[in-house]
Amino acid sequence: MYKFKELPGQRYVLSLDNHVEIVEALTAFCLEKGILAGQVSGIGAINEATFRFLDPATKKYVDKTFAEQMEITNLTGNISQKDGKPYLHLHLTCSRRDYTCVGGHLLSARINGACELLVGTFPGVEIGRYPDPETGLNLYKF
Ligand code: FE
């Protein structure tokens, strides 16, 4: 699913395998390394991405899938924990063939080409999540 190289300070350079789903692969990596707090950034190429939009007025989620070849211009996000498991919060911006961009809160994305990530960990730091009734979001719990 991925190859990685460890850097000083418990940071990792990752190369995800072609055709894998990014959130799945990153979650598997966090489980393998026991990462429960950290940050993620990266670039790559995909042929499908599904985003989630939370309408603050209705607190309803609207999901949308873009099935086309796109370049990841930025993947950024954080790792915390919920129920003792890694909890990924990722946002993705990607560019289309015509160089316009789409993006948002990432649910899933399928690699078609490559995906290169940097994962930084916060060893010994506990950052949880709690469901916030006002926003409908799982907010940081410090
Ligand atoms: Fe988000």
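Where a number appears in this text, it was derived from the coordinates with a stated rule and is not lab data. These numbers were taken from a predicted model, which means no experiment stands behind them. No Cβ is skipped: glycine too gets one built from the backbone with ideal geometry, and neighbour counts run over all protein chains shown.
Here's how it looks for Gln10: its modeled amide H is under 5 Å from none belonging to a residue 5 or more places away or on a different chain. Extension gain, Met1-Leu31: 0.36 nm per intervening residue step, less the Cα-Cα distance, totals 9.5 nm.
Computing FRET efficiency as 1/(1 + (r/R0)^6) for Tyr130 and Arg11, where r is the C-beta to C-beta distance and R0 is 35 Å, gives about 0.80.
Distances between placed amide hydrogens fall under 5 Å for Glu48 paired with Glu68, Arg110, all partners being 5 or more residues away or on another chain.
Bridgeable aspartates and glutamates around Lys64 (alpha carbons under 18 Å apart, same-chain partners fewer than 8 residues away excluded): Glu21, Glu48, Asp55.
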